[in-house]
Amino acid sequence: MRRALWIAGLLWLGCSSSSESRQTPAAASAGQPAPPAPPPSADASTPVAAAPPAIDPDAPCTADADCAFNNPCDPERCVAAASVPHSPGCKESREPTGTCVCFEKRCSLKPGPKHPVVSVDTDCTYAEGCALDRAAGTCKPGRDDDFRPERSIGPRCDCDSHVPQRCHFSWLDPIACTSVDDCWVDPSPFSHPIKRPRSKKGKKFRPCKDGEVAPACAEGRCTTIAYGC
């Protein structure tokens, strides 16, 4: 009997120590601060502000105010004003050689007195022609992809008729007229309409005798008519 009581006492002590050992970690953790919660995961459904779309420098214009130089410190090309980034200022700058205007819904450089007429010192030919870059106000030998059915006003390129032949950039302002009697043609450095001089008043232009390009008046402004002489 004593032996049975002694074994029962040992079993009771073993169970008691096991229970205390199981409760000790829980009690210890209760006295420590709780671990930080994990950061909330990004919600894929949360809208993200999109960057504003880039403005096309060659975007169409409706007024001169829609156009500006691409670089205020180094004015070379006329582009859409909205595409020009804000400039904090210029340490050095140069004066523009022209002004930016809206012509035929496209920003174009209208030359001033100091704008270079010849921008590329390379020979040109009538067959190849000259390519116009209206944004920069320049011309260079090559095919002109800027086709304009009416070349009597605005920017244009022409190949010299004398040696050395160079591409010339020019700008023709419209000349108001009521009839062909208000218009004439200047063949130099290329055929273009002018206001009829006093010496030509009453004179009738004879195609192929007075020249291959005759004066004309259309839609209230002077223009020209080319003849295949």
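The values are calculated or read from the model by the stated rules, or taken from the named source; none is laboratory data. Just so it is clear, the structure is predicted and the values come from calculations on it, not from any experiment. With ideal geometry, Cβ positions are generated from the backbone for all residues, glycine too; neighbour counts draw on all protein chains shown.
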Report whether or not Asp186 is over 31 Å from the mean Cα position of the chain (by Cα), closer than 30 Å to Thr138 by Cβ and outside the structural domain of Leu132 (by TED's automatic domain parsing). yes
What strands (runs of 3 or more DSSP E) completely inside segment 133-216 contain at least 1 residues that are in contact (Cβ under 8 Å) with a residue 40 or more places away in the chain and over 27 Å from Asp74 (Cα atoms)? 183-186, 192-195
Residues in segment 190-211: is at least one at pLDDT below 90 and closer than 26 Å to Asn70 by Cα? no
Any idea how many residues of segment 112-132 are surrounded by fewer than 17 Cβ atoms within 10 Å (Cβ to Cβ) and in a strand (DSSP E or B)? 0
(1) in a loop (DSSP other than H, G, I, E, B); (2) out of contact with any Pro (no Cβ under 8 Å at 6 or more places or on another chain): which one isn't true of Cys229, the others all being true? (2)
Kindly list the number of the only condition in (1) surrounded by fewer than 17 Cβ atoms within 10 Å (Cβ to Cβ); (2) in contact with an Asp or Glu (Cβ under 7 Å, 6 or more places away or on another chain); (3) of a type outside the set (Lys, Arg) that fails for Ser161. (2)
Which residues, taken from segment 164-218, are more than 26 Å from Thr125 (Cβ to Cβ) and among the basic types (Lys, Arg)? Lys195, Arg196, Arg198, Lys200, Lys201, Lys203, Lys204, Arg206, Lys209
Restrict the check to segment 183-195 and report whether at least one residue is among the basic types (Lys, Arg) and either touching an Asp or Glu at 6+ places or on another chain (Cβ under 6 Å) or crowded, with 18+ Cβ neighbours inside 10 Å (or both). no
Could you count how many residues in segment 92-103 are part of a loop (DSSP other than H, G, I, E, B) and either surrounded by 14 or more Cβ atoms within 10 Å (Cβ to Cβ) or in contact with a Cys (Cβ under 6 Å, 6 or more places away or on another chain) (or both)? 3
Looking at (1) surrounded by 15 or more Cβ atoms within 10 Å (Cβ to Cβ); (2) out of contact with any strand residue (DSSP E or B) (no Cβ under 8 Å at 6 or more places or on another chain); (3) more than 27 Å from Asp158 (Cα to Cα); (4) touching a residue at least 24 places away in the same chain (Cβ under 8 Å), which one does Ala82 not meet, given that it meets all the others? (1)
